[in-house]
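The values are calculated or read from the model by the stated rules, or taken from the named source; none is laboratory data. This structure is a prediction, so every number in the text was calculated from the model and none was measured. With ideal geometry, Cβ positions are generated from the backbone for all residues, glycine too; neighbour counts draw on all protein chains shown. These accessible areas exclude ligands, DNA and RNA; they are computed on the full protein's heavy atoms, side chains included. Shrake-Rupley method; radii C 1.70, N 1.55, O 1.52, S 1.80 Å.
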Amino acid sequence: MNDLHEQAYPYAVGALPRHQAEEFEAHLVGCPWCDTEVAELRDVTVELSQSVATPAPADLRGAVLAAIAQTPQQPATSSLSTLRGSSASGEVLPQPDDSAPQRPAPTVLPLRRSQPQRLPALLAAAAVLAALAIGGWAFQSQQKAQQTAREAVQSQQVAEQAAQQAAARTERLTELLSAPDVKTVSGRIVTTGGNGTVVLSPSQQQAVFVATDLPDLPAGRTYEAWTLDPKPVPAATFSAQEAKTAVTLPPAAFDASSVAITIEPAGGSEAPTTKPIFTVSVPQQS
Amino acid sequence: MTTTLTRLDPRWPLLAHQRQAGTVDCMRQQAPRQELANVMTRIAAGDQAAFAHLYDATSRTVFGIVLSVLRDRAQAEEVAQEVYVEAWRAAPCYDANLGSPTGWLNTIAHRRAVDRVRSAERSTARDQRHYEAEYMKYSVDTADLVVKADEGQRVRQALESLPEAQRTALQLAYFEGRTYREVAEFLEVPLGTVKTRIRDALKRLKRQLGEASR
């Protein structure tokens, strides 16, 4: 069985010696099939571990919490380094290994507050731009504006205004994404498995929420965003369509501990009436 | 002594970890996973209280697999602590697209235990541990029974339904942390045979466990 794909199985149970494991990890980068298989096998091995679950010694909890209080966290780099780069010595590689083949960075990078340098911010902004296909947004907004013009043949002014608004909005978003202190936080939307992103720039005093594939809600319902401090405060109500082109969040977002989205009756609520479908922590200002 | 992920914010309703056998459905499975996903986001932002929640939700599984590989409680406690410290340090790099938080943590735990065992131990000691493992299966601790029935019953049944050869290969490789070469030497069978047994065991388990959760 020399087929590299077959290595996925011993790899998943940790039965490959180190050099073979590294070889397989290099293979994983370029093989979606193996990648998926390993991910699924991870779910199986979690259950295997659960089959031998044993209460930990009572003093372990305190020891762990004391230890982490003294331990700095790594800055967010390529997230692949955690699972792939956890080497035999047990050390997680702090930086992506340049000599190993690298998959393109995940589409949205959560920024750490401890990254004041401009370059990572710009890279993250570029990544967000790529992922959110801002070109697609701009096109969509302009396309929408053009559609309005076609429908309202005589309202030339209305059409021009809509296009200007779309362009202005796109320009504001581009500015936001290229601000030196832009921070992005992405999270999973529970109901769809898709992603939503909060983008903030304190220097520009702009914060938005964007999600490109929220489903349209039935009549009588709206999405509502909340800033939590930690009490939920209404931030914005919006439709799935508006989420595609970014929902403006109020300044409270900058001081909030997190941002959440729920589904509420049309017009919004004063306090959430349903569990959040999306929650992210807001990075603290440095 | 159930492990319940306590609410992270008093405003949100408590999402208790559902444990009723046979009543698992998609939404309920999603809720605890989403809770842990939220916890990971907070941990990545440095929230130590959130990390304590992660510990409470996972410590029995982490300690269990580390103990299974190391067989020595003192060492297992040491390595378990290292696992959680590593998880804390690496949390900002955790990406939900690569897998669940429990899968991520379990991978760290198993790797660390295996690294400790392979660097420290000679094969004779390992063989001794295998016989101890077999023996320990017959020692019954009622507290453990209650806990175990709660958590791993489905997968234990699935393991018991495996053909003996596959189950043994998995036991030696995963639960005792051997390389497939070491398994082959221990069982005195060819390397290819071991790989096939491990693959078939995993495929079978994946199918059975995947079906059960629908």
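When you scan segment A:249-260, do you find a residue that is modelled with pLDDT of 85 or more, under 25 Å from B:TYR94 (Cβ atoms), within 14 Å of chain B (Cβ to nearest Cβ) and open to solvent by 30 Å² or more (accessible area, probe 1.4 Å), even just one?
Within segment A:249-260, one or more residues are modelled with pLDDT of 85 or more, under 25 Å from B:TYR94 (Cβ atoms), within 14 Å of chain B (Cβ to nearest Cβ) and open to solvent by 30 Å² or more (accessible area, probe 1.4 Å).
Which one is farthest from the other protein chains (Cβ to nearest Cβ) among residues in segment A:200-228 that are assigned to a loop (DSSP other than H, G, I, E, B) and in contact with a strand residue (DSSP E or B) (Cβ under 9 Å, 6 or more places away or on another chain)?
Top of the filtered list is A:GLY220.
Where residues in segment A:193-207 are touching a residue at least 40 places away in the same chain (Cβ under 8 Å) and surrounded by fewer than 23 Cβ atoms within 10 Å (Cβ to Cβ), which of them is farthest from A:GLN241 (Cα to Cα)?
This residue is A:PRO202.
Could you tell me how many of the residues in segment A:53-69 are open to solvent by 40 Å² or more (accessible area, probe 1.4 Å) and touching a helix residue (DSSP H, G or I) at 6+ places or on another chain (Cβ under 9 Å)?
Qualifying residue count for the region: 4.
Taking only pairs six or more apart or across chains, which ones have beta-carbon atoms under 9 Å, a first residue in segment A:4-33 that is farther than 19 Å from B:TRP104 by Cβ, and a second residue that is open to solvent by 60 Å² or more (accessible area, probe 1.4 Å) and hydrophobic (A, V, I, L, M, F, W, C)?
As it stands, the answer is A:HIS5/A:TRP33; A:GLN7/A:MET1, since those pairs meet every condition given.
Using beta carbons and a limit of 9 Å, which pairs, at least six apart or on different chains, have the first residue in segment B:79-105 and touching a residue at least 60 places away in the same chain (Cβ under 8 Å) and more than 7 Å from chain A (Cβ to nearest Cβ) and the second one part of a loop (DSSP other than H, G, I, E, B) and open to solvent by 30 Å² or more (accessible area, probe 1.4 Å)?
B:PRO101/B:TYR94
Within segment B:56-73, restricting attention to residues that are at the interface with chain A (Cβ under 7 Å from one of its Cβ atoms) and open to solvent by less than 10 Å² (accessible area, probe 1.4 Å), which residue is farthest from B:GLU176 (Cα to Cα)?
B:PHE63
Just to be sure before I move on: is A:PRO276 in a loop (DSSP other than H, G, I, E, B), open to solvent by 10 Å² or more (accessible area, probe 1.4 Å) and closer than 18 Å to B:VAL39 by Cα in the structure I sent?
yes
Name every residue in segment A:10-42 that is within 15 Å of B:LEU170 (Cα to Cα) and in a helix (DSSP H, G or I), in order of residue number.
A:PRO10, A:TYR11, A:ALA12, A:LEU41, A:ARG42
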